[in-house]
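No lab work stands behind these numbers, since they all come straight from the coordinates. Only a predicted model underlies this, so the values are computations on that prediction, with no experimental measurement involved. Backbone-built Cβ (ideal geometry, glycine too); neighbour counts: all protein chains shown.
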Amino acid sequence: MELFAGTRQTYAEFATQATDSPTFVTWTLGVVDDPEVLAWLDTLPALKRQPNLVFAAARWHVEVGASGGLTLHPDRWSYRYRTPEGELRVGDPGAPTLDCVAEGPGPWPDGLPEVAWRGGIDLNPLDVTDPDTARWLEVLVWPEHDDRRALLRRAIEVARQDPPHLVRGDLLTDLDPLLDEASEHGRVVVQHSAVIAYLEREDRERFTDQMLARVAEGRCRWISNEGSRVLPRVSATGPAAPADRFVLALDGRAVAWTHGHGRSITWCA
């Protein structure tokens, strides 16, 4: 979904991508066919018009960045990959489990990552120990997705037990000090998912330049998981991705297509 493509087109595209939420498809198609609602949405700043945020706000009567630290504990989960060769499990089966349908030649993980330090940057860091914050994050989960809501609650429990280091800042201007701090603990990995779409196009290019330079200097590895049109130079390094899939990339090179909520992965490199 392209957030700067025009309100009607943005919502029309979202309707094709939200097929696993009949409620959101119905709401979105209603917006597309309602000139009055479209006109009202056009009065909002571009980044405030996006369907996920508008619908979440409607359900509550966004957060962009570190997700309250919920994405910073990859070593505290177990993973179940349903591959053509059979089921592959990684991690403690007693831990919260993420399920993913996987296609392609791999590679498949043989263990969990070792995390020596974890930190995140956000314009407005969220405190998941606050009940209202936890409720807001739950509202952002699509209506029919009870499984994702249950996983979110588990993720909040994990983050509350081991709060990560969250910094208030802009990823375009304030990331380097955090990288310096992280480098004291070992190899640095910068990872993000569904974040860069919230930047203006010129800032997306600027961020790409910054990350490629950091990778070239050996300062970090870079894992990105964004919509297929969000980081065009990154997406162009692999086969053309379906419009409804994200592009997973390592160090600026596409390696797989993914479902936006992590339900599937198709290796393309």
Alpha-carbon centroid distance for the pair the range 117-195 / the range 212-269, whole angstrom: 20 Å
Under 5 Å, built H, 5+ apart or other chain: amide partners of Gln191: Ile223
Gain in span if fully extended, Glu103 to Arg168, counting 0.36 nm per residue against the direct Cα distance: 19.6 nm
Amide proton proximity set for Ala254, modelled H, under 5 Å, gap of 5+: Thr237, Gly238
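Please go through the range 180-259 and write out the GluC sites (Glu not before Pro) that DSSP classes as loop and that have at most 13 other C-beta atoms within 10 Å.
Answer by residue number: Glu184, Glu200, Glu217.
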Residue (of Tyr81, Val189, Leu248) at the positive-pole extreme of the chain, dipole from beta-carbon charges: Tyr81
